[in-house]
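Just so it is clear, none of the values below were taken in a lab; they were calculated from the coordinates. Remember, it's a predicted structure, so these values are computed and weren't measured experimentally. All Cβ positions, even for glycine, are placed from backbone atoms using ideal geometry, and neighbour counts span all protein chains on display.
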Amino acid sequence: MNRAIIFGLAVLFATAASAQQYKWVDQNGKVQYGDVPPPGVKAQRLKPPSGGSTPAPAAAAKKGDKPLSPEEAFRKRQEDAEKDRQKNAQAEQEAAAKRENCARAQESLRTLESGQRIQRTDAKGERYYLEDAQIAQETARARQTVQQNCS
């Protein structure tokens, strides 16, 4: 007799769990869900869950990973977005530094190719002028720097 009662209760709960679900909008404009919609309301039938198992959230990336709760999935999306922002900011900084290096290299090359006398200061603080061979060497280095930073 005990088994019959337990079996009867199990069948009753199973039929209640598999009842049709509906979705409707109430008078206040809020979306409501239930197994019996109120009379006079346009209700939309919802599909029952398939196979009796709950679908895995999209946040569980790999097979074998445990599904993430909505809060964990939200935090993961926030962390991913922050990493993307940091990556974009770093790429922007690198691009700005490359543009600045390019501008300096081009300016240095223009100065060397101008034909003017080029002066430098040594470790003692004394000025000296570059000879033609030194200017040619520095011009070649400046061209390489322009190629590296401006391409």
What are the pairs with Cβ atoms under 8 angstrom where one residue, in the range 71-100, is closer than 30 Å to Cys150 by Cβ and the other, located anywhere, is in a helix (DSSP H, G or I)? Sequence gap at least six, or different chains. Lys98/Asn149
Pairs needed: first member in the range 122-151, part of a strand (DSSP E or B); second member anywhere, loosely packed, with under 11 Cβ neighbours inside 10 Å; C-beta distance under 9 Å; at least 6 residues apart or different chains. Arg127/Gln119; Arg127/Thr121; Tyr128/Gln119; Tyr128/Thr121; Tyr128/Asp122; Tyr129/Arg117; Tyr129/Gln119
Would you confirm whether any residue within the range 113-120 is under 48 Å from the mean Cα position of the chain (by Cα), surrounded by 15 or more Cβ atoms within 10 Å (Cβ to Cβ) and among the hydroxyl-bearing types (Ser, Thr, Tyr)? no
